[in-house]
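Worksheet for the structure shown next.
The values are calculated or read from the model by the stated rules, or taken from the named source; none is laboratory data. Since the model is a prediction, treat every value here as computed from it, not as a measurement. Neighbour counts run over all protein chains shown; Cβ positions are idealised from the backbone, glycine included. Please note that ligands, DNA and RNA were not included when accessible areas were found on the heavy atoms of the full protein model with its side chains. Shrake-Rupley method; radii C 1.70, N 1.55, O 1.52, S 1.80 Å.
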Amino acid sequence: MTGAWLVCPVTARWPPARPGTMHTLVFLSTRQVLQCQPAACRALPLLPRELFPLLFKVAFMDKKTVVLRELVHTWPFPLLSFQQLLQECAHCSRALLQERPSTESMQAVILGLTARLHTPETEAGTQPLCRKHALRVLDMTGLLDDGVEQDPGTMSMWDCTAAVARTCIAQQQGRTAEPGLAPVPVEVRVDLRVNRASYAFLREALRSSAGSPLRLCCRDLRAEDLPMRNTVALLQLLDAGCLRRVDLRFNNLGLRGLSVIIPHVARFQHLASLRLHYVHGDSRQPSVDGEDNFRYFLAQMGRFTCLRELSMGSSLLSGRLDQLLGTLQSPLESLELAFCALLPEDLRFLARSPHAVHLKKLDLSGNDLSGSQLEPFQGLLQAAAATLLHLELTECQLADTQLLASLPVLTRCASLRYLGLYGNPLSMAGLKELLRDSVAQAELRTVVHPFPVDCYEGLPWPPPASVLLEASINEEKFARVEAELHQLLLASGRAHVLWTTDIYGRLAADYFSL
C-alpha cells in the first residue's frame, strides 16, 4: 500500500483551502495522490476499501474527474451516498452539501455510473466485484437547492434532474440482450424538480427506468406551474415507498384541482412533507361544489399516517384551520401558514391542538398579528415554547408595542435557533430591546430583522408592508444601526449570532435539517 501512495509526482498545485477549513494529514496525503490521475486510477485496486470514502470526497472537491469516474465505476460498497460522503468529516471540515455541486464532478459521477452499468459484473473495474459488495444504491439526494447566486461552473437542481433523466433514457435506449452479461441493477435516489418545459422529458425518464437496470427513485418532488393532468401523471410514475416530500408551487389548483390531485398524493403512505403553495381557495364564494371539494380534500388528508410538515402558503384558511388540522392522524412538527388570512380563532385552536406542543418550525408570515390576533398568538408561542426551533414572522405588522408585549413569552422559547422578523415596522429601540432580552436564548443563531423605521424618510404610520419593502432607506443611518447592534452583540458575548436584513441568504432551515 505504501508504494501506491508514492507512485505519483506532484504535477499541479493544490487548490487553495477555504478560510476556516481544517484538513488532516490523511486528507492532504490523499489530495497528493490524486494529483496524478492516471497513476491514482491504477493504484485504486491496491488501496484498502476504507480509503474510498475520503478519496471520493477529495476527488469531488478538487474536480478530479478521471479518478471520480473510476471510483464510481469500481465502488466496493452497496451504498454510495452524497449525504454521507460530502458532509464535514474527521479529515476535512468542509461540508460540500452546503455548496452547489460542481458540474464537472456531477458529470463524472454520472459517467462512472453509466460505465458501471455497461460493464458486466465480473469485469467491472480492474478487479472482480463480488455481488454482495456491488453498488446497489447511488443516493444523490441532499444537494443544495437553487440559490440567488448563479455560478456557471455549478449545477442547479434543475440541471441535476435533467442530467439524471438523460442517463435513464440513454441507458434504456442503449440496452442489449447479450446473455450472461446483465449488469447489477442500481437504484438512483434523487430529488426531482419539474416544470412545464421539463415535464415530458422527466416523464420519459421515469417510464424508462421502470424496466431498466438503472432505477430512478424520487425522494423529494417539486413541481412548479404544472397543469393538473401532468401532475397526476407524474405522481402515478413515482415509487410509493421512496417519496418523502411533495412540493407543488404556482399551480393555481383551487379546491377543485386539489381534490383531483390529493388522492394520488395520499397513496404515498411514507410521505412526511406536503407543501401546497399558492392554492387558490374557493371559500370567498361558497358553493355546494366548493364545500364538497373541501370536505373531500379533508378526508384525503386524514389518510396520511407519517405527515410531519404541512405548508399551505397563500391559501385562504380564515376560520377553517380547525377543520384542516383536525383531520390529521399525527401531530405536525412543521407548519407553514404564510399569508393565510388567519383569524384569532384559528390561532386559539392551534394553541390548544396537539400540534402546538410538537412544533419545531412555525411560519405565520403575512398574517396580521398586531390587533386581536396578538393575544392568541402569544398563547400559541407559550404552547410551543418547549420545542420551537424556527419562527418566521415576516410582514406580520408587529411594531414595537406588539413586540415588547410578546418578549416575555418569546424568550421562553429557549431552544429557538432562528427568528425572522423582516418587513415589520420596528424601530432601533425595539430591536435593541429584543437583542438584550434574547440573551437568555442560548441556541439562537440567526435573527433576520427589518430595516428600522428610524432609517426611512417620511414614512407613513402605520406603514404598509409594501412601503417597508420598497421605500429607500438612509444608508448612513442604517450603517450606524448595524454598528451599534454589532457592538451590543460583542458586549454580550454573542458575536456568533448573526443579525441580518438578508432575506435571500438561504438562512431559513429546511424542516428535515432541524
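Can you find, among N251, S315, T394, the residue sitting farthest towards the positive end of the charge dipole of the chain, where Lys and Arg contribute +1 and Asp and Glu -1 at Cβ?
About the Cα centre, the residue reaching furthest to the positive side is N251.
Can you give the convex hull volume of the alpha carbon atoms of the range 389-504 per residue, in Å³?
Taking the convex hull of the Cα positions in the range 389-504, it is 93 Å³ per residue.
What percent antiparallel are the DSSP beta bridges of the range 389-504, to the nearest 5?
If I count the DSSP bridges inside the range 389-504, around 10 percent turn out antiparallel.
Below 8 Å, C-alpha to C-alpha, sequence gap of six or more: please give me the relative contact order for the range 303-443 in percent.
In percent, rounded to a whole number, it is 19.
Report the one residue of P450, L419, L468 whose Cα lies farthest in the direction of the positive end of the charge dipole of the range 389-504 (charges on C-beta: Lys and Arg +1, Asp and Glu -1; origin at the Cα centre).
L419
Tell me which residues come under 5 Å, amide H to amide H, from V188 once H is placed; ignore anything under 5 positions away on its chain.
Under 5 Å from the amide H of V188 lie the amide H atoms of L138, R215, L216, C217, each far enough along the sequence or on another chain.
Nearest 20 debye, what's the magnitude of the dipole of the chain about its Cα centre given +1 on Lys and Arg Cβ and -1 on Asp and Glu Cβ?
Magnitude of the dipole: close to 2000 debye.
What is the helix-to-structure angle for 288-301, meaning the angle in degrees between its Cα long axis and the longest Cα principal axis of the chain, kept from 0 to 90 and rounded to the nearest 10?
Roughly 50 degrees between the two axes.
Which value in deg cm²/dmol, rounded to the nearest 500, describes the helix-derived mean residue ellipticity at 222 nm for the chain, given -39,500 (n - 2.57) per DSSP H run of n ≥ 4 and division by the residue count?
Calculated mean residue ellipticity at 222 nm is -11000 deg cm²/dmol.
Classify the chain from the C-alpha gyration tensor, please: rounded if a/c falls under 1.5, else prolate or oblate depending on whether a/b exceeds b/c.
oblate
If you take every DSSP beta bridge whose two residues both sit in the chain, what share of them, in percent to the nearest 5, is antiparallel?
5 percent
Under the Karplus relation 6.51 cos²θ - 1.76 cosθ + 1.60, θ = phi - 60°, what is the ordered set of whole-Hz ³J(HN,Hα) values for the range 94-109, x standing for Gly and Pro?
Coupling constants for the range 94-109: 7, 9, 5, 5, 8, 10, 5, x, 5, 4, 4, 5, 5, 5, 5, 4 Hz.
Roll a 1.4 Å probe over the protein chains and send me the accessible area per residue for the chain in Å².
44 Å²
So what are the ³J(HN,Hα) numbers for the range 312-318, from phi and the Karplus equation (6.51, -1.76, 1.60; θ = phi - 60°), rounded to whole Hz, Gly and Pro as x?
10, x, 6, 9, 7, 10, 3
Leaving out ligands, DNA and RNA but keeping every protein chain, what accessible area does H358 have, in Å² rounded to the nearest 10, with a 1.4 Å probe?
Accessible area, nearest 10 Å²: 80 Å².
Measuring from centroid to centroid over Cα atoms, what is the spacing of the range 314-366 and the range 439-514 in Å?
26 Å
Summing Lys, Arg as +1 and Asp, Glu as -1, what charge do residues with Cβ under 14 Å from the Cβ of S372 carry, S372 excluded?
Its environment carries a net charge of -3.
Mean separation of Cα pairs under 8 Å and 6+ residues apart, divided by the residue count of the range 25-96: what relative contact order is that in percent?
Dividing the mean separation by the residue count of the range 25-96 yields 34 percent.
If you place +1 on the Cβ of every Lys and Arg, -1 on the Cβ of every Asp and Glu, and leave all else neutral, what size is the dipole of the range 279-422 about its Cα centre, to the nearest 20 Debye?
Roughly 500 debye for the range 279-422.
Residues with beta-carbon under 11 Å from that of S314, excluding S314: net charge, scoring Lys, Arg +1 and Asp, Glu -1?
In short, 0.
List the trypsin sites (Lys or Arg not before Pro) within the range 394-476 that fall in a DSSP loop (any state other than H, G, I, E or B) and whose Cβ has at most 16 other Cβ atoms within 10 Å.
R412, R445
With all protein chains present, calculate the accessible area of E484 using a 1.4 Å probe and round the result to the nearest 10 Å².
E484 has an accessible surface of roughly 70 Å² with all protein chains in place.
Run the accessible area of the chain with a 1.4 Å probe and give the carbon-and-sulfur part as a rounded percent.
Heavy-atom surface of the chain belonging to carbon and sulfur, 1.4 Å probe: 53 percent.
Any idea what the relative contact order of the range 389-504 is, in percent, if you count C-alpha pairs under 8 Å spaced at least 6 apart?
Computed value for the range 389-504: 27 percent relative contact order.
Determine ³J(HN,Hα), in whole Hz, for all residues of the range 336-349 in sequence, where each value follows from phi through the Karplus function 6.51 cos²θ - 1.76 cosθ + 1.60 and θ = phi - 60°; x replaces Gly and Pro.
10, 10, 5, 6, 10, 6, 5, 9, x, 5, 5, 5, 5, 4
Amide H neighbours of F339 under 5 Å, counting only residues 5+ apart in sequence or on other chains, H built in-plane at 1.01 Å?
Under 5 Å from the amide H of F339 lie the amide H atoms of S314, S365, G366, N367, each far enough along the sequence or on another chain.
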